[in-house]
Every structure is written in structure tokens, then in C-alpha cells.
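Here is the structure we will look at, set down as C-alpha cells.
The values are calculated or read from the model by the stated rules, or taken from the named source; none is laboratory data. Since the structure is predicted, the reported quantities are computational estimates derived from the model, not experimental observations. Cβ atoms come from the backbone with ideal geometry, glycine included; neighbour counts cover every protein chain shown.
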Amino acid sequence: MSRIDALFSGLERPACIAYLAGGDPDPETSLAAVRAVVDAGADIIEIGVPFTDPIADGPTIRRADNRALAAGTTPDRIFELVRAVRAGTAVPIVLMTAYNIVYVRGVDRFYREAAEAGADGVIIPDMPPEESEDAVAAAGRYGLDQIFLVAPNTPEERLDLVLEHAGGFLYLVSVQGVTGARSGLPHGMEERIAALRSRTDLPIAVGFGISGPEQVRALAAAGADGVIVGSAIVAIVEKHLGDRDAMCAELKEFVAGLCGAVRDGA
Amino acid sequence: MKKGYFGEFGGQFVPETLMGELEALESAYERAKNDPAFQAELEGYLSTFAGRETPLTYCRNLSRDLGCRIYLKREDLLHGGAHKINNTLGQALLARYMGKTRLIAETGAGQHGVATAIAGAALGLPVEVYMGEVDMARQRLNVFRMELLGATVHPVRTGSRTLKDAVSEALRDWIARPAETYYLLGSAVGPHPYPTMVRDFQCVIGRELREQVLKAEGRLPTAAVACVGGGSNAIGTFYPLIDDDVRLVGVEAGGEGLSTGKHGATLCAGTKGVLQGSLSYLLQDRDGQILETHSVSAGLDYPAVGPEHSMLKDIGRAEYVAATDDEALAAFSLLSRREGIIPALESSHAVAYAVKMAKEMDEDDIIVVTLSGRGDKDVTEVAARMGVAI
Ligand SMILES: Cc1ncc(COP(=O)(O)O)c(C=O)c1O
């Protein structure tokens with residue numbers, strides 16, 4: 001069983017999933033930030049491999065990617081980061097990146113190196129199931145979960161296709177749009193989650209636009225198996241660019257709050 | 001299951017949110033293509049509104065100067081000033097056919113933005129255009145034209161603030177509001193079905209050209225030459241000639257020279273990768289990060305290229321070369337002075353390379369250059385480079 005499967009099957013409450021842009025604002029600070037989030041109790045860590053032109057990301061994550069790239073973050077540095085994080089924890093780590101980063105490296109090589117570094121899953125938002133043959137095969141070869149997104153407007157027929165390929169957990173995009181913190185939750189999440197649940201045994205994690213404990217509690221109550229928070233966490237990194245201690249302190253406090261909310265809502 | 005491939009290039013690399021939209025677009029396009037009423041309406045707009053068919057002009061002076069027979073396919077004479085309207089009228093009609101209520105577009109030189117604004121105004125659809133700040137500064141005239149036509153222009157301040165960033169921003173808009181939005185993409189790039197659909201709408205260039213040159217000369221040309229940004233005027237020129245014994249030559253932006261790294265010559269100097277929805281040649285570093293491009297012409301300042309061109313390059317059916325900024329500027333002046341035609345800076349790249357080719361041709365060789373647009377939009381930029389205040 002993969003680390004991600006083991007986590008969900010052993011958890012009595014929704015998982016708290018935290019996203020950080022890898023290498024933001026520089027590889028060294030990024031390691032401290034990831035460790036702070038792990039220490040605060042996050043159940044899964046998503047690490048973004050920065051790309052110059054991510055189409056599915058809003059301004060917050062794009063600025064983070066730019067900072068990371070300007071500081072010399074490469075896929076090699078991200079694998080080093082994963083290795084360093086993995087040395088101190090068994091928490092599942094998921095890499096999230098644009099297909100081009102994977103393609104240019106060579107799909108097989110990317111997955112092999114990700115697995116060797118200690119990652120557990122890969123998310124490629126601009127790779128729909130139709131284009132995923134090589135990636136899914138490589139994920140299988142190296143024991144990684146290939147995680148797919150389901151959008152609010154994914155038609156029924158496409159859902160079958162997504163579910164056929166998906167591993168780890170299903171990433172349910174809560175809102176129509178790109179990443180970025182928003183307030184409130186769209187209507188009908190409970191029905192949406194229930195409808196998905198009737199179609200798959202995969203855990204269902206909800207992300208995009210989740211900014212704080214309020215929404216996390218509501219999603220937990222709506223039946224989500226996991227809640228993914230990204231831009232709101234990245235914004236904390238951005239707020240304390242010159243001050244690593246303050247950055248890590250606020251990250252810990254914020255993520256601990258999210259983890260608490262996950263427990264309350266369950 | 002994979003769709004929209006040209007050899008190993010193309011595909012649909014977009015977030016899940018857009019996959020359903022692309023499917024709907026593809027099936028609507030298939031229906032429209034086979035719907036005589038749709039085709040008749042498009043035909044009507046092209047002939048009575050856009051100004052088709054466009055002439056094939058024999059360059060009497062240049063031909064004499066250079067010692068072969070040079071023709072221009074005059075897309076510069078179309079309404080709006082470029083070939084872009086062939087595509088925007090087709091897609092805007094398709095948007096209406098699909099019941100969409102707003103058009104969005106990206107633009108580099110502003111020509112596609114203007115052509116979308118024209119089509120939107122004519123068909124009563126509101127238009128929003130994304131344009132990089134750098135391009136807004138160098139194509140101010142077109143920004144104002146779009147506004148006069150009732151479109152809203154959104155400045156894009158991310159990345160290199162040029163065409164590539166405008167495409168990404170338009171895609172993000174589409175992801176946020178897919179139900180009512182029609183993304184009117186301006187070149188033969190992006191995810192399937194765009195490269196095929198845009199090619200189909202632009203093929204009118206090559207179809208007319210083929211007949212016109214046969215009529216004028218009784219034979220096909222030795223070579224057809226077109227500039228390549230995303231590649232829409234070039235593929236529209238090439239495709240109807242693909243089975244003929246005609247050299248197909250695409251001219252990319254050589255910028256300050258390929259060796260300087262400051263250029264937009266994707267097929268000449270790029271490597272394979274995935275950007276903005278399709279697999280094609282890209283200008284990128286060894287990790288897959290997209291490089292900044294440079295060209296004097298905003299419309300060629302783009303680090304990717306249409307997937308069909310990537311295939312034509314790999315199978316050797318078309319040749320891809322580059323003309324530098326300086327060569328394009330020289331051709332801009334040459335065509336203005338010798339033929340009385342001020343070409344767009346994009347098209348000037350094709351003219352520049354045709355002039356080079358002509359020197360190695362025989363007297364009865366025929367070169368047809370697609371003049372994708374007129375140069376009015378570029379006069380302020382060119383004047384500034386010449387140090388002339390206007
Ligand atoms: C006059 C003109 N020619 C060519 C181009 C390049 O586009 P494409 O390669 O799609 O024809 C543009 C783009 O803005 C243009 O305005």
C-alpha cells in the first residue's frame with residue numbers, strides 16, 4: 001500500500017493537505033517552510049515544481065514560482081528538497097508541476113527521480129487522462145500515485161475516464177477558475193462530493209480557493225476526505241520574505257489552525 | 001483517445017476544466033463545417049465585409065531588380081489590415097452558433113485583437129482582449145482601434161508581458177468562466193481543435209493563391225513564402241499546396257541573430273515541449289523553462305509554434321528559416337519604395353527572405369510571398385527606430 005493509501009485508510013477525519021511552491025523564496029528557506037508545515041501537523045505535503053508559464057495558477061502561486069526560479073530553483077533542487085524533507089518525516093509528499101517540466105526531463109526519468117527522492121505522488125494539472133499514458137505507466141513502474149483533478153464542469157462521461165486513470169486521491173476542484181484564495185464556498189459541495197463518492201473508492205480531497213479554517217470546517221462537514229490549502233499558505237511565505245523565523249512561526253500557527261478545523265468539522 | 005495530433009505534435013494539454021469545453025468546441029465545429037447555412041454566412045462575410053478575394057500582385061520592379069518572378073498574396077488588403085480576419089469571422093460565427101455570449105482573445109501585434117473586435121462588433125458579441133504591456137506600448141494605434149471598435153483591452157503585466165503571457169491570461173479567463181465564454185484563439189496553436197480549425201479558416205489564402213497563380217502563369221510557383229509567428233498565415237498558405245511540387249518556406253523572427261539568443265525562431269532553434277495546450281517546438285532551457293523571446297515585430301515574438309509546422313519541419317515537407325530585425329526593417333523599406341506597399345513588420349520577414357532566395361533563382365522561377373498584413377500599425381515603431389518624430 002502506498003503512503004497516501006495508508007494515510008487515508010488510517011485516518012478517522014479529513015486529511016489536511018498543504019501546498020507550498022518548492023524553492024520559494026529560495027531553496028534553503030523553502031526547506032524550512034516545508035518543515036514548519038510538517039511540524040504543524042499537515043497530513044500530506046504538496047510541493048510545486050516551479051514553471052515559468054503555469055496556466056492553471058493564479059497570481060499568488062505565479063509570484064511564488066517566479067521567486068523560486070529567480071533564486072535558481074530547478075527540478076534537481078526540488079528533488080533535493082524532497083530528499084531533505086523525507087529524511088525527517090514519513091508524511092506523504094506529492095509533487096505538482098506542469099507537463100512540460102516532466103516531458104523535457106523525460107517522463108520515465110522524472111518519475112524515477114521523484115520516487116528515489118521519496119515522493120509518493122504526482123499531480124500534473126495540464127495533463128488530462130487522454131495524454132497521461134506515459135505518465136501513468138511511469139507512476140506504476142516506480143510506485144507513485146498519479147493524482148487527477150475533477151472540475152466543477154467535468155461531464156459525466158469524462159468522469160469515467162478520469163476515474164479509470166486516477167490513483168492516490170481525487171482532487172476535486174471546488175471553484176471554476178485558477179488557483180487563489182477566495183472566501184466562502186460554492187453551493188452544492190455536499191451533493192458534488194456525495195455524487196463522486198458513489199462512483200469511486202478513492203478519497204476525495206477538495207482544493208482551489210480554500211483560504212482558512214471556516215471553509216475547511218464546512219468542507220469537512222460536507223464529507224470531504226481531504227482539504228487542500230495552497231495560495232493562503234504561499235501568501236504567508238510571501239508576507240515574511242525577509243524574515244524566516246516569522247515566516248515559519250506564522251506557517252505553523254496557520255497550518256495548526258487548519259488541522260484543528262479538519263478535526264472540528266469531522 | 002489522444003486527439004488532434006500531427007505526427008507526434010499537438011494534443012490537448014489543458015486543465016480538466018477546459019477538456020469538456022474543447023470537446024463541445026470540436027463537435028460544434030464539425031457541425032458548422034458541414035452546415036451549408038454556416039458556410040454560406042461565412043462566405044458572405046468574407047466577400048462582402050472582409051474584402052475577399054484578395055489580389056495576387058505581380059511585383060514588377062522587384063522582379064526586374066532581382067531576376068525572378070515575385071508575387072504577393074495581398075492579405076494586407078483585408079478589412080482590419082491582416083489575414084487575421086479570415087479566422088476571427090469564422091470563429092465568431094462559430095461562437096454565435098454555440099450560443100456563447102462573450103468573446104475573449106489574446107493579441108500580440110494587436111492585429112488579431114482588432115480583427116476579433118471587428119467580428120464581435122459585426123455579430124453583436126462583446127469582446128475582451130488580453131495584451132502584454134510591452135506590446136501595448138509598441139502597438140498603441142491598435143490598442144486605440146480595439147477600443148474604438150468597442151472592445152475592452154486588458155493589459156497583461158506578467159512574465160515577458162508579450163504574446164505568450166497574453167495567451168496564458170486568456171486561458172485563465174476561459175478557465176474561470178467557461179460556460180459563457182468563447183476563446184477566439186488567433187493562431188494555429190493551442191490545444192486541439194484550434195490548430196486544425198484555424199488552419200481551415202486560413203486555407204482560403206492558399207486556395208485562392210493556387211488558382212490565381214495558375215491563371216496568371218499557367219503553372220504553380222517554385223516557392224511559397226510566409227512568416228511564422230504561431231503559424232496561421234503560413235499554414236493557410238502551405239496547406240492547399242502540400243501535395244504540389246512547391247517549396248514551402250516559413251520565415252521566423254531572427255531578432256538580433258540566432259547566435260545572440262534574442263529571437264523568436266522556434267523551429268530554427270527550439271526543442272520539443274508542451275506549452276499552452278500542445279506539444280510542439282519551443283524556445284526553452286534544458287529544464288523546460290520557457291525563454292524570453294525577442295523580435296521587432298510583436299506578432300512573431302512567441303516562444304512556441306503551431307504543431308502542424310513542427311511536423312512539416314520534421315518530415316522535411318517545409319523549410320523553416322529566420323530573418324533578423326534588421327533584414328525585416330530593410331525589406332519593410334524596400335517594398336514600400338519599390339512597390340508602393342508598406343508591409344507589416346511580421347510580413348516583412350517573409351519579404352526579406354524571399355529577396356534572399358530570389359538572388360539564387362532563375363529568371364522564370366516564381367516566388368509567391370504571403371503579405372499577411374499592412375504596415376500602418378508599425379509606422380510609429382519604425383519612425384522611432386529611424387529617429388524620426390511623427
Ligand atoms: C500581419 C501579421 N502577420 C503575421 C502574424 C503572425 O501570426 P501567424 O504566424 O499566426 O500568421 C501576425 C500576428 O500578429 C500579424 O499581425
(request) Quickly run through the range A:61-91 and pick out the residues that are buried (at least 17 other Cβ atoms within 10 Å of the Cβ) and assigned to a loop (DSSP other than H, G, I, E, B). (result) A:A71, A:T73, A:T74, A:V91
(message) Please count how many residues of the range B:134-154 are away from chain A (no Cβ under 14 Å) and under 22 Å from A:N66 (Cα atoms).
(response) 2
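Residues checked against (1) near the ligand (Cβ under 10 Å from one of its atoms); (2) in contact with a helix residue (DSSP H, G or I) (Cβ under 6 Å, 6 or more places away or on another chain); (3) assigned to a helix (DSSP H, G or I):
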| residue | (1), (2), (3) |
| --- | --- |
| B:G99 | no, no, no |
| B:L103 | no, yes, no |
| B:A115 | yes, yes, yes |
| B:I118 | no, no, yes |
| B:V134 | no, no, yes |
(message) Which numbered condition in (1) part of a loop (DSSP other than H, G, I, E, B); (2) hydrophobic (A, V, I, L, M, F, W, C); (3) under 30 Å from B:A216 (Cβ atoms) is the only one that B:L125 fails?
(response) (3)
(message) Could you go through the range B:226-242 and let me know if any residue there is away from chain A (no Cβ under 14 Å), surrounded by fewer than 24 Cβ atoms within 10 Å (Cβ to Cβ) and either near the ligand (Cβ under 10 Å from one of its atoms) or acidic (D, E) (or both).
(response) no
(request) Would you mind stating whether B:I205 is within 27 Å of B:Y5 (Cα to Cα), buried (at least 20 other Cβ atoms within 10 Å of the Cβ), modelled with pLDDT under 95 and of a type outside the set (K, R)? (result) no
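Check every one of the strands (runs of 3 or more DSSP E) wholly within the range B:270-389 and list those with 1 or more residues that are within 14 Å of the ligand (Cβ to nearest atom) and touching a residue at least 24 places away in the same chain (Cβ under 8 Å).
So the answer is B:277-282, B:318-324, B:366-371.
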(request) Just name the residue that is nearest to the other protein chains (Cβ to nearest Cβ) out of those in the range B:243-266 that are surrounded by fewer than 24 Cβ atoms within 10 Å (Cβ to Cβ) and closer than 24 Å to B:P193 by Cα. (result) B:L248
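A quick yes/no check of all residues on (1) surrounded by fewer than 19 Cβ atoms within 10 Å (Cβ to Cβ); (2) in contact with a Lys or Arg (Cβ under 9 Å, 6 or more places away or on another chain); (3) under 23 Å from B:K164 (Cα atoms):
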{"residue": "B:D285", "(1), (2), (3)": "yes, no, yes"}
{"residue": "B:G288", "(1), (2), (3)": "no, yes, yes"}
{"residue": "B:D314", "(1), (2), (3)": "yes, no, no"}
{"residue": "B:R317", "(1), (2), (3)": "yes, no, no"}
{"residue": "B:Y320", "(1), (2), (3)": "no, yes, yes"}
{"residue": "B:T324", "(1), (2), (3)": "no, no, yes"}
{"residue": "B:L334", "(1), (2), (3)": "yes, no, no"}
(request) Please enumerate the residues belonging to the range B:173-217 that are free of Cβ contacts under 8 Å to residues at least 40 places away in the same chain, over 15 Å from B:L25 (Cβ atoms) and hydrophobic (A, V, I, L, M, F, W, C). (result) B:A176, B:C203, B:L214
(message) Condition first: within 15 Å of the chain's Cα centre (by Cα) and of a type outside the set (S, T, N, Q). Now tell me which residues in the range A:225-257 satisfy that.
(response) A:D225, A:G226, A:V227, A:I228, A:V229, A:G230, A:A232, A:I233, A:V234, A:V255
(request) Of the conditions (1) at pLDDT 95 or above; (2) surrounded by fewer than 23 Cβ atoms within 10 Å (Cβ to Cβ); (3) closer than 30 Å to B:L275 by Cβ; (4) charged (D, E, K, R), B:D35 clears all except one; give me its number. (result) (3)
(request) Only residues that are closer than 16 Å to B:V198 by Cβ and touching a residue at least 24 places away in the same chain (Cβ under 8 Å): list them for the range B:21-49, please. (result) B:L22, B:L25, B:E26, B:A28, B:Y29, B:A32, B:K33, B:L42, B:L46
(message) Could you tell me how many of the residues in the range A:207-266 are without any contact (Cβ under 8 Å) to a residue 24 or more places away in the chain and of a type in the set (K, R)?
(response) 1
(request) Take B:K313 and decide whether it is within 14 Å of another protein chain (Cβ to nearest Cβ) and among the charged types (D, E, K, R). (result) no
(request) Among the residues of the range A:53-107, write down those that are farther than 21 Å from A:G121 by Cα and polar (S, T, N, Q). (result) A:T60, A:N66
(message) Residues to consider are B:Y58, B:Y45, B:Y5; find the one that is within 21 Å of the chain's Cα centre (by Cα) and away from every other protein chain (no Cβ under 14 Å).
(response) B:Y45
(request) Output the residue which, of all residues in the range B:171-195 that are closer than 16 Å to B:A304 by Cα and within 14 Å of the ligand (Cβ to nearest atom), is nearest to the other protein chains (Cβ to nearest Cβ). (result) B:G190
(request) Spot the failing condition for A:E191; the list is (1) assigned to a helix (DSSP H, G or I); (2) over 19 Å from A:P50 (Cα atoms); (3) within 9 Å of chain B (Cβ to nearest Cβ), and only one is missed. (result) (3)
(message) Looking at (1) over 28 Å from B:D244 (Cβ atoms); (2) within 14 Å of another protein chain (Cβ to nearest Cβ), which one does B:Y281 not meet, given that it meets all the others?
(response) (1)
(message) So B:K215 ticks every box in (1) more than 30 Å from B:D364 (Cα to Cα); (2) more than 13 Å from the ligand (Cβ to nearest atom) but one. Which box is left unticked?
(response) (1)
(request) Give just the number: which of (1) modelled with pLDDT of 95 or more; (2) crowded, with 24+ Cβ neighbours inside 10 Å does A:E250 not satisfy? (result) (2)
(message) If I filter the range B:76-90 for residues that are within 16 Å of the ligand (Cβ to nearest atom) and part of a strand (DSSP E or B), do I get at least one hit?
(response) yes
